[in-house]
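The values are calculated or read from the model by the stated rules, or taken from the named source; none is laboratory data. In this text, all values refer to a predicted model and were calculated from it rather than measured experimentally. All Cβ positions, glycine included, derive from the backbone under ideal geometry; neighbour counts span all protein chains shown.
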Amino acid sequence: MVKITDRHSEVLKRIWQWERIRLLSEGSDAVKEYDISTGGRTQTSFIFRLAGQDDASYWAYVQRAPFYNAVANTVKMYKGMVFGTPPQVVVPEGQTDFLDDYDYKGTTIQAYAAQVFDAVLKYGRAGILIDLPESPENLTRAEAEAYGVRPYATLYNPWQITNWEYSRMNGRIVLSRLVIQETETRYKELVLSDGYSIIIWDKIPKSNNFAVTKVIRPLMNGEPLRFIPFIPVSVYGEDWQTARPPLLDLADMAISHYRTMADLEHGRFFLGVPTPVFAGFNIQDDIIRLGSTDGIVTSDPNAKWGFLELSGTGLQYLENAAKQKEQLMAELGASLLSTQFAGESGEALQLRGRVSTSILASIAKGVEEAMSNSLWLCLAWYMGQEPDRSDVSFALSDDYLSTKMTPQELVALIQAVQSGQLPRYDFYRALVKGKIIAQDRSFEEYQEETTTPLGVIK
């Protein structure tokens, strides 16, 4: 028997990949609080405990380790590239009002598209549900406008899209069931059976079971919808296949770098300060003090003292390993615009020149298609009739594909961005110089388009 909490095999296959990237994207605090062994949030982290470490020593070991936030900074960089030039939105005349509030939360359609891009770049997958706010049934168009009832888009992260089924209807294979986890205590089941229905499942108090608490049947022109208004978005476009996250290799290298830095700082901590050593002293009779105005007196001619100071030559290997991993992370970041696989030298990297061959461009194209289709569906639902496809479109700039940067310059730029050492204005100037964004685009305009608060995707 299928339970509402059951997860599709594709979700089970990817869930830990998504979780790794999510935590790395959130930054140092999230990474340091995650228990890799139990999958729960505790005072442990991605760093494994050293042999013999007690809880206090392990906590200090973790907290000393600097975290190089390469994943989050790479995402910001590519979002700045793709959205540095405003998207072009086309809708029928007189149908622009809701573009300034696409999700019913005050988010513009441009900022909403940036959220979608962010999710697909990180996780390889997301989903857009077109819905209506709850309202009295059978409203006329005038009444709906008076109530402010109109379609809106809701974005879901891949782990929230927990299960789905396809069925043959009228000779076609269509999505017939979709389960979305809204919160820990609520699921939304979308079902296509004699029209479209939304079934709300809420957790029963003091129980692990869920029960149906509401059934909603949205109407279009007074009739039930004959499809589920959900648009999957992935690296492959509108596809239900869960893609390997584009940033997974970068995320795993960032974890490896973090562990190397933990060992490096651990070694520096113990070797950085010389340790005083006293041999031959009778602690009961002799007074030992350390300080510029104190002396040590003993009658034992064999007593010795000094400082134990190790050379720490082994730390050099850790430092070299950390630098190598930083270079690899830059190359992995650059590989989204490259024809070559990550791990190759900067000299070997060749920038892709066509949309069809760039990972980044494929993601941008998928977002374009999903946004265009979601916009068309919103308008069709709102207008009560299907607008001409040529009258509805959402297009992202592909200026970043014609970059004049050499592969070496791109890797160097990404390395500076990943390390957090490149000020935002300098990054903007690098994009202009590399002809990644328009030459006549001011820094203020760039700031306004790429720093719009995007809210929290849950």
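Counting just the residues of region 254-280 that are under 13 Å from residue 315 (Cβ atoms) and of a type in the set (Phe, Trp, Tyr), which one comes out modelled with the highest pLDDT?
269
Kindly indicate the residue of region 100-116 that is out of contact with any strand residue (DSSP E or B) (no Cβ under 9 Å at 6 or more places or on another chain) and in a helix (DSSP H, G or I) and also surrounded by the fewest Cβ atoms within 10 Å (Cβ to Cβ) among those meeting that condition.
Only one residue tops the list, namely 100.
For residue 430, indicate whether it is at pLDDT below 80 and not in a helix (DSSP H, G or I).
For residue 430, the condition - at pLDDT below 80 and not in a helix (DSSP H, G or I) - is not met.
Restricting the search to region 202-256, which residues are assigned to a helix (DSSP H, G or I) and closer than 19 Å to residue 118 by Cα?
Residues satisfying the conditions are 248, 249, 250, 251, 252, 254.
For region 57-68, check the following and say yes or no: at least one residue is under 30 Å from residue 190 (Cα atoms), in a loop (DSSP other than H, G, I, E, B) and either in the same structural domain as residue 233 (by TED's automatic domain parsing) or not polar (S, T, N, Q) (or both).
No, there is no match, as no residue in region 57-68 is under 30 Å from residue 190 (Cα atoms), in a loop (DSSP other than H, G, I, E, B) and either in the same structural domain as residue 233 (by TED's automatic domain parsing) or not polar (S, T, N, Q) (or both).
Out of region 37-53, which residues are in a loop (DSSP other than H, G, I, E, B) and either touching a helix residue (DSSP H, G or I) at 6+ places or on another chain (Cβ under 9 Å) or modelled with pLDDT of 80 or more (or both)?
Once the filter is applied, which keeps residues that are in a loop (DSSP other than H, G, I, E, B) and either touching a helix residue (DSSP H, G or I) at 6+ places or on another chain (Cβ under 9 Å) or modelled with pLDDT of 80 or more (or both), region 37-53 yields 39, 43, 44, 45, 46, 47, 48, 49, 50, 51, 52, 53.
Has region 200-217 got any residue that is crowded, with 20+ Cβ neighbours inside 10 Å and modelled with pLDDT of 95 or more?
There is at least one residue in region 200-217 that is crowded, with 20+ Cβ neighbours inside 10 Å and modelled with pLDDT of 95 or more.
Going by the structure shown, is residue 56 at pLDDT below 90 and hydrophobic (A, V, I, L, M, F, W, C)?
Criteria met by residue 56.
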